[in-house]
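Structure first, commentary second.
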Amino acid sequence: MGVAAQGDSTRVTNDKKLTKLLAKVSEDSAKLVKFNGMVSQFEKDKKDAANQAQQSADDNKRAADRLADNPQDKKLARRAHTAAKTAKSDSQKARVAANKLDDLNDDIKKLTRQLGKEQGKLASYQASRAPAISAQ
């Protein structure tokens, strides 16, 4: 195998690496745009869930206070029990919404760091190729 053939095979390998890197940068950039677009909806969901949980907790407190005034009333006991279950469920939904937003923000940070590394590799790779291309 001659020197020219060996250089051609190296160039093909490097071109494949460059193509893969460009595809990865493009894919990650698209993901980042998508994730950033989802943030406002997740924030709204978190806020709505927190407001609903607070409302349910307030309803639960009122039901419990009414029951405390008349502890023998079955109707009030049932209402207090139902209000407590609703408050528990709504608080769990609020925690889930908050966790989803936190996870999304973590994914955005991770993807931003990864994209920065990939773009750095791409820039250094293109810089190292520039002299080789101009020499041809």
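The values are calculated or read from the model by the stated rules, or taken from the named source; none is laboratory data. What you see is a predicted model, and the numbers here were worked out from it, not measured in a lab. As a convention, Cβ positions derive from the backbone with ideal geometry for all residues, glycine included, and neighbour counts pool all protein chains shown. With ligands, DNA and RNA removed, areas are computed over all heavy atoms of the protein, side chains included. Shrake-Rupley method; radii C 1.70, N 1.55, O 1.52, S 1.80 Å.
Points worth noting:
- Restricting Ala68, Ala64, Ala23 to those that are hydrophobic (A, V, I, L, M, F, W, C), open to solvent by less than 70 Å² (accessible area, probe 1.4 Å) and farther than 30 Å from Thr13 by Cα reduces the list to Ala64.
- Which numbered condition Lys34 fails, given (1) open to solvent by 90 Å² or more (accessible area, probe 1.4 Å); (2) closer than 30 Å to Leu115 by Cβ; (3) touching a residue at least 12 places away in the same chain (Cβ under 8 Å): (3)
- Residue in the stretch 109-116 that is in contact (Cβ under 8 Å) with a residue 60 or more places away in the chain and either among the basic types (Lys, Arg) or open to solvent by less than 60 Å² (accessible area, probe 1.4 Å) (or both) present: yes
- Residues within the stretch 1-45 that are at pLDDT 85 or above and not acidic (Asp, Glu), tallied: 23
- Residues in the stretch 75-104 that are closer than 13 Å to Lys46 by Cα, polar (S, T, N, Q) and touching a residue at least 24 places away in the same chain (Cβ under 8 Å): Ser91 only.
- Condition check for Lys31: closer than 30 Å to Ser128 by Cα, among the basic types (Lys, Arg) and in a helix (DSSP H, G or I): yes
- Residue that is in contact with a helix residue (DSSP H, G or I) (Cβ under 6 Å, 6 or more places away or on another chain), of a type in the set (D, E, K, R) and modelled with pLDDT of 95 or more, where the choices are Asp65, Asp59, Asp103: Asp59
- Lys74 open to solvent by 90 Å² or more (accessible area, probe 1.4 Å), under 30 Å from Thr112 (Cβ atoms) and not polar (S, T, N, Q): no
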